[in-house]
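The values are calculated or read from the model by the stated rules, or taken from the named source; none is laboratory data. If you're wondering where the values come from, they're calculated on a predicted model, not measured in any experiment. All Cβ positions, glycine included, derive from the backbone under ideal geometry; neighbour counts span all protein chains shown. Surface accessibility is based on the protein's heavy atoms, side chains included, excluding ligands, DNA and RNA. Shrake-Rupley method; radii C 1.70, N 1.55, O 1.52, S 1.80 Å.
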Amino acid sequence: MYARQGASPALLVCPGWDDDGKDQFDAMNELLSAQGWRCLRAGLPDESWPADIRARTTREDSMQQLLGDYDQLVSHASVDPARVGVLGFSYGGYAAALLTSLRPVGFMVLRSPAIYPDDEWRTPKQLLDQDAVDAVRQHRLAPGENLVLDCCCRFRGPVLLIESEQDEVIPRTVIDNYEAAFRQARTSARWMLAGADHRLTQASARDVYVAGVVSWLVRQAEEAPRTAMPPSPPRRSQHPTPSPFSCTGSASSRACPSAGTTTCTPFT
């Protein structure tokens, strides 16, 4: 997928399940649009959605929606397919990371990304076994042990991984697992928002976050290669393979490399 002459970078923003983040999206959209970017907020369930729809939405539903949103964004004549990034928060961060195995993504920002067990893919998200969810968030996991970490392990673009110092929802172990999975990322940076909680309820934390992410995104778009990185298929899960992730081959043949070429740089 090659760059379109004169086309602009784009950003697909994936909101969290219990925090729609519209104010943050509007602030980023304003700053990026002024520099020629095209931004789209994905239609994932958030706290503003009707309760009955949220109650029956599965992770597969979310991924199908996200694929449609990505295709809509990239199809726009003004968008450069080689410079499309994704940004996800919490549940949206989990979905954004999965997306990179299904569509070309140039660069990725994950803020407090969630993680879930691979099984019960078609179970409504709100009906997942919370004990199982809590367990997967408390243990160190390798990419071969969880689908989203395997997708991260195969991503080769730049990554900005953001955590909140006072996050009451996502344990630091989850962030550690994501960071360790980015073995092949072209560059990888981890940034802690000092004093911030999960939802960034403090205005000062939101302002720092928006300014820092916009600065990072602009830099990545300027440095992006002219050809978009194709998605890499994830490994076959030990559980029934979710339909968007259909693939062939054994888990061992698709194992993520044990060593990568990641260059870790401090956030500036």
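Solvent-accessible area of ILE162, probe 1.4 Å, all protein chains present, reported in Å² to the nearest ten, please.
Looks like 0 Å² after rounding.
When a/c is below 1.5 the answer is rounded, else prolate if a/b is larger than b/c, else oblate, so apply that to the range 159-226 with a ≥ b ≥ c taken from the square roots of the Cα gyration tensor eigenvalues.
oblate
Roughly how many nanometres apart are two label points built 7 Å out from the Cα toward the Cβ at HIS76 and GLU222?
Here the answer is 2.2 nm between the modelled labels.
Using a/c under 1.5 as the rounded threshold, could you call the range 97-221 rounded, prolate or oblate? The axes a ≥ b ≥ c are square roots of the C-alpha gyration tensor eigenvalues, and prolate needs a/b larger than b/c, oblate otherwise.
Note, shape of the range 97-221 comes out oblate.
Can you tell me the order of 52-60, 81-89 when each peptide is scored by its average per-residue count of other Cβ atoms within 10 angstrom, highest first?
By packing density, highest mean first, the sequence is 81-89, 52-60.
Which value in nm describes the separation of the simple spin-label points at ASP197 and ASP18, placed 7 Å from the Cα toward the beta carbon?
1.1
Show me the ranking of peptides 136-147, 181-192 by mean Cβ neighbours inside 10 Å, starting with the highest.
181-192, 136-147
Using alpha-carbon positions, what is the distance between the centroids of the range 93-116 and the range 24-62, in Å?
The range 93-116 and the range 24-62 have Cα centres separated by 14 Å.
What does the C-alpha gyration tensor say about the overall shape of the range 126-198? Classify as rounded when a/c is under 1.5, otherwise prolate if a/b is larger than b/c, or oblate.
Oblate is the answer for the range 126-198, as a/c is 1.5 or above yet b/c matches or exceeds a/b.
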